[in-house]
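J.: What follows is a single structure, and I will ask about it in a moment.
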Amino acid sequence: MKDGSVSKVGRFCSLFGTSGPDGMTMDRAGRLFVAHASLGHVFVFAANGELVARIKSCAGHSCTNVAIGGPNRDRLFITESASGTVLVADLNELN
């Protein structure tokens, strides 16, 4: 909630695949980044649950975690567990 409290709500979004979503993070704009452990993508959702972008791994199909960082907090770090790779995506490309 805007005041910082919590409330029970309905389903935010649904995903598919042989395993479910894994790590998540949010950016300053309120977008939710969800690593999907069997699809090799990070799904980006707007605050209303709309899918607004999809970032495909170039290293494998097991994206397990995400974190936002960099000096301007404009980099998305993605762990790909099958290859042991840490990928970096430029969040400015999503704007």
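J.: Take the residues of the stretch 6-33 that are touching a His at 6+ places or on another chain (Cβ under 9 Å) and in contact (Cβ under 8 Å) with a residue 24 or more places away in the chain: which is surrounded by the fewest Cβ atoms within 10 Å (Cβ to Cβ)?
T.: My answer is LEU15.
J.: What number goes with the only condition from (1) among the aliphatic types (A, V, I, L, M); (2) under 12 Å from the mean Cα position of the chain (by Cα); (3) closer than 15 Å to ASP22 by Cα that ALA82 does not pass?
T.: ALA82 satisfies every listed condition except (2).
J.: Only one residue in LEU94, LEU76 is modelled with pLDDT under 95, aliphatic (A, V, I, L, M), surrounded by 14 or more Cβ atoms within 10 Å (Cβ to Cβ) and at negative phi. Which one?
T.: Just one listed residue meets the conditions, LEU94.
J.: Six or more apart or on different chains, Cβ under 8 Å: which pairs go from a residue in the stretch 36-52 that's within 20 Å of GLY20 (Cβ to Cβ) and at pLDDT 90 or above to one that's assigned to a strand (DSSP E or B) and small (Gly, Ala, Ser)? Could you list them?
T.: Final answer for the pair search is VAL42/ALA35; VAL42/ALA89; PHE43/ALA53; VAL44/ALA53.
The values are calculated or read from the model by the stated rules, or taken from the named source; none is laboratory data. Bear in mind that the values here come from a model prediction, so they are computed numbers and not experimental data. Cβ atoms come from the backbone with ideal geometry, glycine included; neighbour counts cover every protein chain shown.
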